[in-house]
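Let me begin by presenting the structure, written as structure tokens, before commenting on it.
The values are calculated or read from the model by the stated rules, or taken from the named source; none is laboratory data. What you see is a predicted model, and the numbers here were worked out from it, not measured in a lab. Neighbour counts are summed over all protein chains in view; Cβ atoms, including those assigned to glycine, are modelled from backbone coordinates with ideal geometry. Note: areas computed on protein heavy atoms with side chains; ligands, DNA, RNA excluded. Shrake-Rupley method; radii C 1.70, N 1.55, O 1.52, S 1.80 Å.
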Amino acid sequence: FDALISGEVLEHLKEDTAAIREFNRVLKIRGVCIVTVPTIYKSWDTYDDIAGHIRLYNEDGLINLFESNGFKVEKIKYWGFPVMRFYHRYIFLFWANRIKHKSSEDIKNYFITKIGINNIISHLGAFLFSIDNIFYLPRFSIGMIVRARKVIDV
């Protein structure tokens, strides 16, 4: 492949190194890999337990993971501050704590869940979250986007 995108996956895998090696295997030389992961700066919380996260990442660890497996990291961008961080901490975690012991059917019918899938609310949220593009404060961000290029086969 010429390119590969992995959004919010690596943090769920016991063997993230095996995943990066597979990315290397399926990409052509000079192929591009785009990956998003949560950062250690957001701190472990209820959501990480519910989502089944195994780890959070820091920049140096992520660069090492890629570069020790045949990639050259070209760019890292942090995302999720200030609006997404506020939403995560004060709205999403409130919802997550309320639903963590409920059945799938109860979650689907829960008031806050219904608000979250409302089209108007979704568009409003997208607009508000776009404010985060103005800021670049890694120590407060909740996620990273990495662009890495395959340089060698491993």
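Numerical summary
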quantity	calculated
Those residues of the range 122-154 which are more than 17 Å from R89 (Cβ to Cβ), of a type in the set (S, T, Y) and touching a strand residue (DSSP E or B) at 6+ places or on another chain (Cβ under 8 Å), in sequence order	Y136
Filtered residues of the range 40-77 (kept if modelled with pLDDT under 95 and either touching a Gly at 6+ places or on another chain (Cβ under 6 Å) or on the phi > 0 side of the Ramachandran plot (or both))	S43, G52
Members of the range 16-35 found to be within 13 Å of the chain's Cα centre (by Cα) and either farther than 30 Å from I91 by Cα or open to solvent by 30 Å² or more (accessible area, probe 1.4 Å) (or both), listed by number	I34
Filter result for the condition that a residue is within 28 Å of S130 (Cα to Cα) and at pLDDT below 95, over I91, I34	I91
